[in-house]
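A short write-up of the structure that comes next.
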Amino acid sequence: MEQFRIQAYGRTELAQIYSPEISPGSAFRKFSSWIDRCPNLRSQLDEMGNSRNARTYTPAQVRLLVEALGEP
(Lines give C-alpha, C1' and ligand atoms only; values in the text may rest on other atoms or scores of the structure.)
Protein backbone atom coordinates (compact mmCIF):
# COMPACT_ATOMS: atom_id res chain seq x y z
CA MET A 1 0.00 0.00 0.00
CA GLU A 2 1.12 3.50 -0.80
CA GLN A 3 2.22 5.81 2.04
CA PHE A 4 -0.36 8.40 3.09
CA ARG A 5 0.51 11.93 1.96
CA ILE A 6 -0.32 15.13 3.79
CA GLN A 7 -1.96 17.27 1.10
CA ALA A 8 -5.32 18.90 0.38
CA TYR A 9 -8.18 16.39 0.21
CA GLY A 10 -11.90 16.66 -0.41
CA ARG A 11 -13.91 15.92 2.72
CA THR A 12 -15.51 12.78 1.34
CA GLU A 13 -12.28 11.75 -0.37
CA LEU A 14 -10.43 11.76 2.96
CA ALA A 15 -13.30 9.99 4.70
CA GLN A 16 -13.16 7.24 2.07
CA ILE A 17 -9.42 6.82 2.61
CA TYR A 18 -10.18 6.10 6.27
CA SER A 19 -13.18 3.84 5.48
CA PRO A 20 -12.84 2.50 1.92
CA GLU A 21 -15.16 -0.45 2.55
CA ILE A 22 -18.35 1.63 2.92
CA SER A 23 -20.26 4.04 0.69
CA PRO A 24 -18.99 7.62 0.33
CA GLY A 25 -21.90 9.08 2.30
CA SER A 26 -21.52 6.58 5.12
CA ALA A 27 -17.75 7.14 5.19
CA PHE A 28 -18.28 10.89 5.49
CA ARG A 29 -20.80 10.53 8.34
CA LYS A 30 -18.53 8.09 10.17
CA PHE A 31 -15.49 10.36 9.72
CA SER A 32 -17.47 13.38 10.92
CA SER A 33 -18.55 11.49 14.04
CA TRP A 34 -14.90 10.61 14.77
CA ILE A 35 -14.02 14.30 14.54
CA ASP A 36 -16.81 15.19 16.95
CA ARG A 37 -15.61 12.58 19.47
CA CYS A 38 -12.14 14.13 19.71
CA PRO A 39 -12.15 16.95 22.26
CA ASN A 40 -11.61 20.34 20.61
CA LEU A 41 -10.83 18.89 17.16
CA ARG A 42 -13.85 20.48 15.47
CA SER A 43 -13.06 23.87 17.03
CA GLN A 44 -9.40 23.60 16.02
CA LEU A 45 -10.45 22.88 12.44
CA ASP A 46 -12.85 25.84 12.56
CA GLU A 47 -10.03 28.09 13.79
CA MET A 48 -8.04 26.99 10.73
CA GLY A 49 -10.82 28.18 8.43
CA ASN A 50 -13.02 25.09 8.22
CA SER A 51 -16.76 25.58 7.89
CA ARG A 52 -19.72 23.26 7.33
CA ASN A 53 -19.83 24.54 3.73
CA ALA A 54 -16.15 23.86 3.01
CA ARG A 55 -15.61 20.97 0.61
CA THR A 56 -11.89 20.43 1.16
CA TYR A 57 -9.37 20.14 3.96
CA THR A 58 -6.13 22.07 3.62
CA PRO A 59 -2.80 20.27 4.20
CA ALA A 60 -2.61 21.89 7.66
CA GLN A 61 -6.09 20.60 8.52
CA VAL A 62 -5.22 17.13 7.22
CA ARG A 63 -2.10 17.11 9.42
CA LEU A 64 -4.24 18.03 12.44
CA LEU A 65 -6.75 15.28 11.60
CA VAL A 66 -4.00 12.67 11.23
CA GLU A 67 -2.45 13.73 14.53
CA ALA A 68 -5.83 13.30 16.26
CA LEU A 69 -7.16 10.21 14.45
CA GLY A 70 -4.00 8.46 13.35
CA GLU A 71 -2.83 7.72 9.86
CA PRO A 72 -5.37 5.93 7.65
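Quick notes on this structure:
- In the chain, the portion of solvent-accessible area held by carbon and sulfur atoms comes to 48 percent [1.4 Å probe, whole percent, DNA, RNA and ligands not counted].
- A DSSP coil position with no more than 13 other Cβ atoms inside 10 Å describes the following trypsin sites (Lys or Arg not before Pro) in the chain: 5, 52, 55.
- Ligands, DNA and RNA aside, residue 17 has an accessible area near 60 Å² when probed at 1.4 Å.
- Value of relative contact order over the chain, rounded to a whole percent, pairs C-alpha under 8 Å and six or more apart: 42
The values are calculated or read from the model by the stated rules, or taken from the named source; none is laboratory data. Computed from a predicted model, the values in this text were never measured in an experiment. In this analysis, Cβ positions are derived from the backbone assuming ideal geometry, glycine residues included, and neighbour counts consider all displayed protein chains. Quick note on the areas: whole protein, heavy atoms, side chains included, nothing else; ligands and nucleic acids left out. Shrake-Rupley method; radii C 1.70, N 1.55, O 1.52, S 1.80 Å.
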